[in-house]
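Have a look at the structure below before the remarks.
The values are calculated or read from the model by the stated rules, or taken from the named source; none is laboratory data. The structure presented is a predicted model; accordingly, all values stated were derived computationally and were not measured. Every residue, glycine among them, receives a Cβ derived from its backbone with ideal geometry; neighbour counts consider all protein chains shown.
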Amino acid sequence: MKKIIAIAAFSITAIAAKAQNASSTAQQQVNLNLSNAIELTFTGNNSATGAAVNLAFNTVNDYANGVQSAAQGLKVRSNKKFDVTVKTNATNFSYTGSTTPAPVMPVSGVLALKVSANSTGGSIAGSFSDFAGLSSTAANLLTNCNNGGNQTFSVMYEATPGFAYPAGTYTVDVVYTATQL
């Protein structure tokens, strides 16, 4: 009888041990469905609309020599290489002041821009390494820039209206466009 109990106990132990060694697996495929993404913002306010740049002409020397802005920082985040273009939203500045009829100041020949810093891995296009004139036609500013989450560059403006225009505020928007390659 002791022999039968020992065999039964051994059999139960063996069955329990086998049950503990059982296993099962499951697997699942995970797909990342990435889209092309690009964003261009001003670093000063992390917005697509930068703060107004005011160029004050207070002295005769300002009119004779022109006035330059401080550097304006921009940042591109893109998962592909990209180019950046620049243009103005109009051919002429809009005028606010007391002169009637309103004077017409063309952007071309008055407003210029240069790339003052470039950490995009791309090349400065055309003559934008120094001050080059702006117009309402898009011009390449940076080309073949590297993809990444913090591709930065800075620009400076220079205005040289001369003595031909009366006092007032002359305004134009400068439009930057980052396009993936």
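Number of residues in the range 128-144 that are farther than 14 Å from L74 by Cβ and touching a Leu at 6+ places or on another chain (Cβ under 8 Å): the value is 5.
Given the criterion loosely packed, with under 15 Cβ neighbours inside 10 Å and assigned to a strand (DSSP E or B), identify the matching residue among A117, A112.
None of the other options fit; the residue is A117.
Checking each residue in the range 91-108 for being part of a loop (DSSP other than H, G, I, E, B) and closer than 25 Å to S127 by Cβ picks out T91, F93, M105, V107, S108.
Restricting attention to the range 145-169, report how many residues are of a type outside the set (G, A, S) and within 13 Å of N79 (Cα to Cα). Within the range 145-169, residues that are of a type outside the set (G, A, S) and within 13 Å of N79 (Cα to Cα) number 5. Checking the structure you have, find out if any residue of the range 87-106 is within 20 Å of V175 (Cβ to Cβ), surrounded by 15 or more Cβ atoms within 10 Å (Cβ to Cβ) and either of a type in the set (D, E, K, R) or under 13 Å from the mean Cα position of the chain (by Cα) (or both). Yes: one or more hits.
Of everything in the range 58-70 that is surrounded by 15 or more Cβ atoms within 10 Å (Cβ to Cβ) and in contact (Cβ under 8 Å) with a residue 40 or more places away in the chain, the residue that is nearest to S154 (Cα to Cα) is S69. Within the range 149-181, if we keep just the residues that are aromatic (F, W, Y) and either assigned to a loop (DSSP other than H, G, I, E, B) or more than 21 Å from the chain's Cα centre (by Cα) (or both), the residue that is surrounded by the most Cβ atoms within 10 Å (Cβ to Cβ) turns out to be Y170. The single residue among N46, N146 that is in contact (Cβ under 8 Å) with a residue 40 or more places away in the chain, farther than 15 Å from D173 by Cα, surrounded by fewer than 17 Cβ atoms within 10 Å (Cβ to Cβ) and under 17 Å from the mean Cα position of the chain (by Cα) turns out to be N146. Does at least one position in the range 3-12 carry a residue that is surrounded by fewer than 10 Cβ atoms within 10 Å (Cβ to Cβ), of a type in the set (V, I, T), modelled with pLDDT under 95 and out of contact with any Cys (no Cβ under 6 Å at 6 or more places or on another chain)? Within the range 3-12 (the criterion being surrounded by fewer than 10 Cβ atoms within 10 Å (Cβ to Cβ), of a type in the set (V, I, T), modelled with pLDDT under 95 and out of contact with any Cys (no Cβ under 6 Å at 6 or more places or on another chain)), the answer is yes, since at least one residue qualifies.
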